[in-house]
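The values are calculated or read from the model by the stated rules, or taken from the named source; none is laboratory data. In this text, all values refer to a predicted model and were calculated from it rather than measured experimentally. Heads up, the Cβs are rebuilt from the backbone with ideal geometry, glycines too, and the neighbour counts pull from every protein chain shown. With ligands, DNA and RNA removed, areas are computed over all heavy atoms of the protein, side chains included. Shrake-Rupley method; radii C 1.70, N 1.55, O 1.52, S 1.80 Å.
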Amino acid sequence: MTRRIPIIPTIMVAGAIAVMIALGLWQLGRMDEKAALIAQAEQNLRMSSEVAYPRTEAELEQRLYRRTTIFCATVSGATTMAGTSARGEKGVAQRVTCALEDGMPVKVDLGYSRNPQPVAWNGGEVRGTIAPGGRVVAAEPVADLEGLAPPDPRDLPNNHLAYAGQWFFFALTALVIYLLALRRRATRTRDD
C-alpha cells in the first residue's frame, strides 16, 4: 500500500512558504533601498544651501534633511509630542500645522519645552530642516521656546535584514511543521 501525500494541503503549504520566501527577499531589497535613502539624507544634511519646500513625494524624498524657509500664513492644530532639546534633554516638541500662502498644509516643529501645553503662535517665517513625513523642524525656535535637536538620518530605522530573517524563519517553521504532520500521518496510516 502506497502512502499518498495530500495534494490540496501540500499546495497550500507550498504556496504559503513561497509567499514567505518572497517577502523575505523583498525585505532584503528594501534594506538596500533604505541604505541608499539614508546615505542620500546624510549627504543632504551636509549641504548648506536652502531649497524650496517640496510639493510632491518625489521632491520630498530628494530634499529630505535639506534646509528650507517657509512662511506660515495661518496656524492650526497646535499640539505637543515627545521631543528632545538641542542639549539632549527629554521633554515635548511643540508642533503646529501651518497653511502656506498657497494653502498647502505643513507640520512644523517650533521648538522644545518642558510644558506639555501647546503654545500660542500666530505664524510667520520659519527656517528649518525638512524631516521625515515632510515636517519642518525649526532651526531657530519660535514662540519663546528652546531649540529642538535637529533631525538625524541615523535615526531612520534600517531593520529590513531582521524582517527578512523573520520571514525566512516563518517559512522554515511552516515547512518543518508540515513535514512533521506528514510523518505523523504516515505513522498512523502504517499502524492502521
Query raised in the report: Are any of the residues in region 149-163 part of a loop (DSSP other than H, G, I, E, B), hydrophobic (A, V, I, L, M, F, W, C) and open to solvent by less than 50 Å² (accessible area, probe 1.4 Å)?
Result: yes
Query raised in the report: Looking at region 60-129, what strands (runs of 3 or more DSSP E) fall wholly within it and have at least 1 residues that are in contact (Cβ under 8 Å) with a residue 60 or more places away in the chain?
Result: 67-72, 74-84
Query raised in the report: Which one of the conditions (1) touching a strand residue (DSSP E or B) at 6+ places or on another chain (Cβ under 7 Å); (2) open to solvent by less than 30 Å² (accessible area, probe 1.4 Å); (3) not acidic (Asp, Glu) does residue 171 fail to meet, given that it meets all the rest?
Result: (1)
Requested in this report: Working only within region 101-125, note down all residues that are more than 14 Å from residue 141 (Cβ to Cβ) and surrounded by fewer than 16 Cβ atoms within 10 Å (Cβ to Cβ).
Outcome: 101, 102, 103, 104, 105, 116, 117, 120, 122
Query raised in the report: Does residue 33 fit the bill of being more than 15 Å from the chain's Cα centre (by Cα) and among the acidic types (Asp, Glu)?
Result: no
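Residues checked against (1) surrounded by 15 or more Cβ atoms within 10 Å (Cβ to Cβ); (2) at positive phi:
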position	(1), (2)
12	no, no
32	no, no
43	no, no
66	yes, no
88	no, yes
